[in-house]
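As structure tokens, the structure follows; a few thoughts come after it.
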2 protein chains.
Amino acid sequence: MKTPESLFAQGRKRVIIEGVTPQVDGGRFAAKRVTGDRVEVGADIYADGHDEISAWLLYRREEERRWRETPMQPLVNDRWQGFFEVRELGRYRFTLMAWVDAFGTWRRDLQKRVAAGQDIALQFLIGAQLIEDTTADLKRSEAAQLRTYMEQLRSDAVEETKLRVSLDDELAAMMARSPHKDRIVQLDRELPLVVDRERARFSAWYEMFPRSCGGGFTEAQARLPYVAEMGFDILYLPPIHPIGHTHRKGKNNRPVAESEDVGSPWAIGSEEGGHKAIHPELGTLDDFREFLLKAKEHGLEIALDIAFQCSPDHPYVKEHPQWFRWRPDGTVQYAENPPKKYEDIFPLDFDTADWQALWEELKSVFLYWIEQGVRAFRVDNPHTKPLRFWEWLITDVKRLHPDVLFLSEAFTRPKIMYQLAKLGFTQSYTYFTWRNTRQDLTEYFTELTQTEVRNFFRPSLWPNTPDILHEYLQTGGRPALMVRFILAATLGANYGIYGPPYELGEHVPRESGSEEYLDSEKYQTRYWDLDRPDSLKPLIARVNRIRRQNPALQGDWSLRFHPAGNDQLIAYSKATDSLDNIIVVVVNLDPYHPQSGWLNLPLEEFHLPMQASFRAHDLLTGAHYTWFGPYNYVALNPYGQPAHIFSLERPT
Amino acid sequence: MKTPESLFAQGRKRVIIEGVTPQVDGGRFAAKRVTGDRVEVGADIYADGHDEISAWLLYRREEERRWRETPMQPLVNDRWQGFFEVRELGRYRFTLMAWVDAFGTWRRDLQKRVAAGQDIALQFLIGAQLIEDTTADLKRSEAAQLRTYMEQLRSDAVEETKLRVSLDDELAAMMARSPHKDRIVQLDRELPLVVDRERARFSAWYEMFPRSCGGGFTEAQARLPYVAEMGFDILYLPPIHPIGHTHRKGKNNRPVAESEDVGSPWAIGSEEGGHKAIHPELGTLDDFREFLLKAKEHGLEIALDIAFQCSPDHPYVKEHPQWFRWRPDGTVQYAENPPKKYEDIFPLDFDTADWQALWEELKSVFLYWIEQGVRAFRVDNPHTKPLRFWEWLITDVKRLHPDVLFLSEAFTRPKIMYQLAKLGFTQSYTYFTWRNTRQDLTEYFTELTQTEVRNFFRPSLWPNTPDILHEYLQTGGRPALMVRFILAATLGANYGIYGPPYELGEHVPRESGSEEYLDSEKYQTRYWDLDRPDSLKPLIARVNRIRRQNPALQGDWSLRFHPAGNDQLIAYSKATDSLDNIIVVVVNLDPYHPQSGWLNLPLEEFHLPMQASFRAHDLLTGAHYTWFGPYNYVALNPYGQPAHIFSLERPT
């Protein structure tokens, strides 16, 4: 609300600027982009009456002082648009300014008068006066240049000459840039953007327990070619820290461990160290750094899992007892969700009076691993720690290291998931894991990719995790695994799987009705036959190669769903802005029966001919189809090929 | 964007408050309500984890210093809701605060533990500690009361007693109200509301040229019973000021007037005065005040038309030449929209260096007529004057006179129309005048009544104005006039007509393709035969009586459209919150042919039986229909009855 007094003080500002995009909660949070993006800024800009408006987009990196300027262009219905490129990592800001362009209005009306055959002699004098009024505020050189125009308009030159001077483009540009200061309307805020590296937008993750590679990091090096051959970008490891022994869980989460049981990596901390230590059985810090280097040689980036919780044996319990909630009986409050109890986990008490030291220590955990060379973190259950803690931590870490990626592993209520993304998480786990039908997938991914949500929430699609073996995967056999993998890798520019159980087809739950894996790697070491003939490795490698070769699949904003006349068939497309790469995916969601239907594509939007043939090249099989018009028949058999990934090719 | 430092400073504030409604542009403008309204406030409120939250709505009149508090209640999906009543005219503010309720969380979990049969002895000590931690911040009396609870929990009373104490409602309420100060999250803004009188939401306007009543205000008094009998609330007069003679327009807007031509009331000002003067032929100021009083006796409020433009003869031209734009040839710039010229009108130059005096003078025009007793103004073409001017003027005038209504006569681009409403206009003309089809009406009125637009834009529906005789009315005969009147009066709680041409069926345009009336009252005096047998007066009187007797029709927010299986039939309902008044309107939009269809009503939403009969009482004809189930047949003949206005009546 503005007071009448403040409105009176701004009486000469006639332009309104509103409805600016992108903005997240009115600028409270940063919209997300990656380096190289062309940022499209939109706004409603208008004034009373019908005068011309001059509108400008101002932008800068946060640490720069000077704004760069670029003109906004009107679209329709008082909507304007401007662009700028973000080439560097870190934070940017942008804002807008606009004013009524008196000279531009005069120039436009002059053209109308000429067209109507009106006498325009007087108009040249009016234009000259507008120029003269402007020169006072200008630098000497600019003022001199303008004065030349002015004098020509007041001279006794012929009308044709004066008209040419009046409509001179350089004059128009100079005048559009030279408003009276008290007429300039500036947007009342600077809107923030955060620019991440490209992998924030496009990445394939592979989660793996290193202890299942037959030893520690040294042995796990041998697994790197396997992961790299499948075409993943990021190899993500569950917590690598010492594991507690008090109340350690046994195989299949049994309440009491046998002596040989290895324990859950998420029961973090023992006498051997906490969140900055490495489990001795995995090796030394040097082994880990060597592993990082080897991974890099294979084109793999290592992501660590940061889970802020402690086993009862974590050094924090003795060194910082005030960070835990002590009960009147002198014991520490273990994790619980009444009536359930988790006695092997002590949650950190963020309500502690010593919270400031706790926050700083937890931030130092990230900084420690960043120092070792890690630049990607999967954060465990961030929704059970204060939201402002994460905002502070991520903002502060990225101020020093703008290339760090934070993946939010929050499977919780929608608004909290979105809040975590707004406050800074680079990528976010999604409900994809439980969205199996055409309608559910369509609604959810339309919300994620076609609404303002996409400005802050970058979905990461996981068909499975060590905690989640969905019923569809338990019962649908190999077709189900193929379907969910292809959906994840093509619906989402960012996705991940937990392997080798995924590619090797593990599908038996711990018990009926459970989403836990039987003999889960969370509680025991598993050895995998990676050469099984039914492994999905070749499919995964092929799809990841398709992703890398087709820029359309490297972002989510172009996603559109298309009818295929059959509820079991889901069809969607992704395309580059220039339409030089158009990918159409059709998936049979039914893992048991062949399904067919007539695919209906919006050819006009793709700039493809409605009345001529074009080619659909199936990148999964290499087959070529000649299609004609928008309706084309597709049939998919789950036991052969449950999906198509077409590249549409223009007729030559 | 918050800095890491500011986030660190707020580290104990765990709750997030966002998505607060109602708000207009983030609180930049006030949401609109009327006296007696129960304001529903919504917000997304949540914290990390699963702790209980205590959330409060704070509200006050703008001039009060103390907030009143009322608790918010959770709905689903982290959405909360609270209410407060606005009983007085003027401005209110509201905001929200919330915190994690540690005691409430403990209490909830205690109940779960009891249900699970867990040992709870330790819990009483934890609860006692929570109480003790709270007492430090409280007043002595409250602290003492809490300490009593605490001591009971620490006593050796039996478990049953301690459990009763733990779950005591008064204790819970006291604890929920007593957070630690550094945990309180307060919404970062105070959101404004403006509360108008009830007529802002519900009014029927009648526009009339007083000079056509056979003289001045004295003669026009005789017309008051006629208008009152039709059931209108507001009688609105075109400008009543002296009319210029320079370049006066003749009948039918002819460029040159004859000597007896009376001129357009919108060519304001002559030697006899300007915007604070009355045309001598209409009478004196005393005559006008007498007219106001007589109108009031008939239950009619008088609205004036404020048009800020001047004839060349307006005293301002001589007294304040700096308020007009002078051209290099020494003439004043008349109104134009190149190549069109309006030489009888001088626009005020809001770009004048003397704009401050101009603003003050124009505000004083409103204050002058308010002083004479006028409380409603129809503002002519507000979109051609600076938007901040209106915001300043309306805000300032309403600060002194919160009962004044401003109706915006802006037929312009959508965003400007909305901006005028946001910045303060009480009611707004709409595109209704040009929306004639079922689809157009449905889309437009869904946008106006079912989106956030309704918080600031109060539609006023006019089937005609002195400037607009729509083609539908030109060609559709009496049925068209009936249809458009019934639509206006039932789709809109606020509506108006320009009479007597409307009720007497004037329908001939000035020329083919024009929306101007032939022999328009804008340029000449007309005498009307009010007793014509085909006058719509009885219909108008009946519909206005129905509006007054049926609260469902006195607001727009409950409007819902319903299928009738025929594109020429439009069906919609309005209902009171309590559903004790449900009105269903069905209109045949085809003025030429009978149309019929099966009306489909959402009986469950109306709490009407799906499997029993109920009565539909046609308030237009008095007929009663017995209906059964959601589908019922309707048939409407334009030459008999083109519409139904049903009241649905529950079976007894």
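At a glance:
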{"read-out": "Local net charge near A:S178, Cβ-Cβ under 11 Å (Lys/Arg +1, Asp/Glu -1)", "value": "0"}
{"read-out": "Loop trypsin sites (Lys or Arg not before Pro), segment A:86-149, which have at most 11 other Cβ atoms in a 10 Å radius of their Cβ (DSSP)", "value": "A:R87, A:K139"}
{"read-out": "Nearest beta-carbon to the B/A symmetry axis - residue in chain B, distance in Å", "value": "B:G26, 2"}
{"read-out": "Integer Hz, Karplus 6.51/-1.76/1.60 couplings in order for segment A:75-88, x for Gly and Pro", "value": "9, 10, 6, 6, 8, 10, 8, x, 9, 8, 9, 10, 9, 10"}
{"read-out": "Residues along segment A:347-362 losing 50 Å² or more of accessible surface when the other protein chains are present rather than the chain by itself (probe 1.4 Å)", "value": "A:D351, A:W355"}
{"read-out": "Separation between Cα centres of segment B:618-640 and segment B:98-144, rounded to whole Å", "value": "62"}
{"read-out": "Extension gain from A:E229 to A:K341, taking 0.36 nm per residue of separation minus the Cα-Cα distance", "value": "36.1 nm"}
{"read-out": "Shortest-first nm distances, B:A635 label point to equivalent points in other copies (7 Å, Cα→Cβ)", "value": "5.2"}
{"read-out": "Cα centroid separation - segment B:258-319 against segment A:333-362, whole Å", "value": "76"}
{"read-out": "Interface area, B with A, accessible, probe 1.4 Å, both sides summed, Å² nearest 100", "value": "6700"}
{"read-out": "For chain B, diffusion coefficient by Stokes-Einstein and Kirkwood Rh (Cα), 4 °C, 1.567 mPa s, µm²/s", "value": "45"}
{"read-out": "For segment B:365-398, residues shielded by at least 50 square angstrom of accessible area compared with the chain on its own, probe 1.4 Å", "value": "B:L387, B:R388, B:W392"}
{"read-out": "Average other protein chain Cβ within 10 Å of Cβ, residues B:413-425", "value": "3"}
{"read-out": "Per-residue mean of C-beta atoms belonging to partner chains within 10 Å, peptide A:40-52", "value": "4"}
{"read-out": "Antiparallel bridges, percent of DSSP beta bridges restricted to chain A (to nearest 5)", "value": "70"}
{"read-out": "Distance from segment B:417-443 to segment A:554-594 (C-alpha centre basis), Å", "value": "40"}
{"read-out": "Relative intensity, log₁₀ I(q)/I(0), of segment B:427-494 from a Debye sum that treats every alpha carbon as a point, q = 0.27 Å⁻¹", "value": "-1.31"}
{"read-out": "Taking the convex hull of Cα positions in segment A:68-181, its mean projected area over all directions (nm²)", "value": "9.5"}
{"read-out": "Percent of Cα pairs exceeding the 18 Å cut-off, where the set is segment A:600-652", "value": "31"}
{"read-out": "Average accessible area per residue (Å²) across the protein assembly as shown - probe 1.4 Å, nucleic acids and ligands excluded", "value": "40"}
{"read-out": "Sequence-distant residues sharing a close amide H with A:G496 (under 5 Å, placed H)", "value": "A:W205, A:L461, A:W462"}
{"read-out": "Share of pairwise Cα separations in segment A:78-121, more than 16 Å, in percent", "value": "63"}
{"read-out": "Cβ-vector label at 7 Å, B:S6, separations to other copies in nm", "value": "1.6"}
{"read-out": "Protection-proxy order for peptides A:520-532, B:375-387, each taking the mean of Cβ atoms within 10 Å per residue, highest first", "value": "B:375-387, A:520-532"}
{"read-out": "Computed Rg/Rh of segment A:315-421, alpha carbon atoms with Kirkwood Rh", "value": "0.99"}
{"read-out": "Exam field: A:K296 pseudo-label spacings to other copies (7 Å along Cα-Cβ), nanometres", "value": "8.6"}
{"read-out": "Which of A:R478, B:R454 is most accessible, then next, and so on - probe 1.4 Å", "value": "A:R478, B:R454"}
{"read-out": "Average projected area [Cα convex hull, the protein assembly as shown], square nanometres", "value": "59.3"}
{"read-out": "Kirkwood-type radius of segment A:406-552, with distances r between different C-alpha atoms, in Å", "value": "16.2"}
{"read-out": "Computed accessible area, A:S558, all protein chains, 1.4 angstrom probe, square angstrom", "value": "30"}
{"read-out": "Charge tally in the Cβ shell below 14 Å around A:A616, where Lys, Arg are +1 and Asp, Glu are -1, A:A616 excluded", "value": "0"}
{"read-out": "Residue-averaged beta-carbon neighbours from other chains (10 angstrom radius) around A:7-17", "value": "6"}
{"read-out": "Surface share of carbon and sulfur [accessible, 1.4 angstrom probe, percent] for segment A:1-95", "value": "44"}
{"read-out": "Accessible area, probe 1.4 Å, largest first, for residues A:D78, A:D196, B:D440", "value": "B:D440, A:D78, A:D196"}
{"read-out": "A:I345 accessible area, assembled protein chains, probe 1.4 Å, Å²", "value": "20"}
{"read-out": "Protein accessible area in segment A:417-513, 1.4 Å probe - carbon and sulfur %", "value": "48"}
{"read-out": "Using alpha carbons only: equivalent-ellipsoid semi-axes of segment B:519-652, gyration tensor based, whole Å", "value": "31, 18, 14"}
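The values are calculated or read from the model by the stated rules, or taken from the named source; none is laboratory data. Model, not experiment: these values are computed from the prediction. FYI the Cβ positions are ideal-geometry reconstructions off the backbone, even for glycines, and counts take in every protein chain you see. Note: accessible area is taken over every heavy atom of the protein model, side chains too, but ligands, DNA and RNA are not part of it. Shrake-Rupley method; radii C 1.70, N 1.55, O 1.52, S 1.80 Å.
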